[in-house]
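The values are calculated or read from the model by the stated rules, or taken from the named source; none is laboratory data. Remember, predicted model here, so these are calculated numbers, not experimental data. Note that each Cβ is placed from the backbone with ideal geometry, even for glycine, and that neighbours are counted across all protein chains shown.
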């Protein structure tokens, strides 16, 4: 079976969906599913391209209209029109972009099954962010795509409930994101990383790992750090990720106004050994998001045996249920309380770290997700062939 994955970007700075596509596809290959990727590069979506080794990636430059419609590319449209019949199924990732729209219509025109992964983009916070634009887009374009796709892929049970709440009755399959826990078994010696950022040496390190984007709740983190810094003078924020929408400037401004700017390190984007070294330095991981699809960074932190503090907007209640960390409301006080509890109790940190590692290895590997999606693909393709031959 041949499946085409269509995504607006495969630039590392695009964030979680790029990691999902890159790591899901090798697991799908293990299930006997041959995959290719169609994506864009240029305005807003980035120019650097990454992807799984050995997997064909078709990259198309965006046009001037991409300033108004993310991932707009006439070359992508031509490729889909000419080549989509080579594929048995099209899998679209994310929903607010031209690439998904044009792929959906190309698939429908040729009677090819289509799956859409939402990636958390129908959450209440997401719909309120740039609300009027998204309202118009939903009514004009997106509703037709989501109502007429052959299946929607939700990453969490709350996301499936959200899809139903919004009135979409398209069949939904739930398959959570996964991770390969093996690289996190033995974290590297952090000495070189500490030499780069000496402020971290001998400190209690609170790690934030992800895009510096308004939805990630960095404003909550740095405001809550005010009380943490008073209680734990040796506490330091390690903030790792690429800046978006001026979020770093906003974050630094809050820290400076509170007199805590010298207790924070901004590393920019980290990957590979550097990211593992940052985890090796950290005592806890915090992601106080207003909204998430399903954060790969949380899984990475738990795989590295870090206790985690996350918010309800992360849609990951299993963290608290399994004793791997705290799930709190997206407000300053509960985030600060959870961080303080962990920083003051080394045994609790170790216990939650062990439970997080156990949770990841038992439930959140790519093999689990790929098996579920492979079954979905096969069912949709079989049904389509049966209807065509009837």
Worksheet entry | Meets criteria (in contact with a strand residue (DSSP E or B) (Cβ under 8 Å, 6 or more places away or on another chain) and farther than 22 Å from residue 29 by Cα) for residue 349 | yes
Worksheet item: Condition test on residue 50, is it closer than 18 Å to residue 180 by Cα and in a loop (DSSP other than H, G, I, E, B)?
Response: yes
Discussion item. Return the residues of region 184-228 that are free of Cβ contacts under 8 Å to residues at least 60 places away in the same chain, in a helix (DSSP H, G or I) and touching a helix residue (DSSP H, G or I) at 6+ places or on another chain (Cβ under 6 Å); say none if nothing qualifies.
Written reply: 222
Worksheet item: Conditions: (1) surrounded by fewer than 19 Cβ atoms within 10 Å (Cβ to Cβ); (2) in a strand (DSSP E or B); (3) touching a helix residue (DSSP H, G or I) at 6+ places or on another chain (Cβ under 8 Å). Residue 40 meets all but one. Number of the miss?
Response: (1)
Fill in: In region 23-36, the residues that are surrounded by 18 or more Cβ atoms within 10 Å (Cβ to Cβ) and part of a helix (DSSP H, G or I)
23, 24, 25, 27, 28
Practice prompt. Take residue 225 and decide whether it is within 21 Å of residue 287 (Cα to Cα), touching a strand residue (DSSP E or B) at 6+ places or on another chain (Cβ under 7 Å) and outside the structural domain of residue 371 (by TED's automatic domain parsing).
Written response: yes
Practice prompt. For region 67-75, state whether one or more residues are more than 12 Å from residue 9 (Cβ to Cβ), outside any strand (DSSP E or B) and touching a strand residue (DSSP E or B) at 6+ places or on another chain (Cβ under 6 Å).
Written response: yes
Practice prompt. Check region 166-186 and report whether any residue there is surrounded by 13 or more Cβ atoms within 10 Å (Cβ to Cβ) and over 24 Å from the mean Cα position of the chain (by Cα).
Written response: no
Worksheet item: Got at least one residue in region 171-186 being out of contact with any strand residue (DSSP E or B) (no Cβ under 9 Å at 6 or more places or on another chain) and more than 23 Å from residue 27 (Cβ to Cβ)?
Response: no
Discussion item. Among the residues of region 195-211, what is the count of those that are surrounded by 17 or more Cβ atoms within 10 Å (Cβ to Cβ) and over 25 Å from the mean Cα position of the chain (by Cα)?
Written reply: 4
Worksheet item: Going by the conditions given, is residue 383 outside the structural domain of residue 128 (by TED's automatic domain parsing) and in a helix (DSSP H, G or I)?
Response: no
Item to complete: Just give me the residues in region 147-183 being on the phi < 0 side of the Ramachandran plot and without any contact (Cβ under 8 Å) to a residue 12 or more places away in the chain, in sequence order.
Response: 161, 164, 165, 182
Item to complete: Would you please name the residue that is modelled with the highest pLDDT, looking only at residues in region 343-380 that are surrounded by 13 or more Cβ atoms within 10 Å (Cβ to Cβ) and not in a helix (DSSP H, G or I)?
Response: 345
Practice prompt. Might you let me know whether region 153-165 holds any residue that is assigned by TED's automatic domain parsing to the domain that holds residue 383, part of a loop (DSSP other than H, G, I, E, B), under 22 Å from the mean Cα position of the chain (by Cα) and more than 26 Å from residue 41 (Cα to Cα)?
Written response: yes
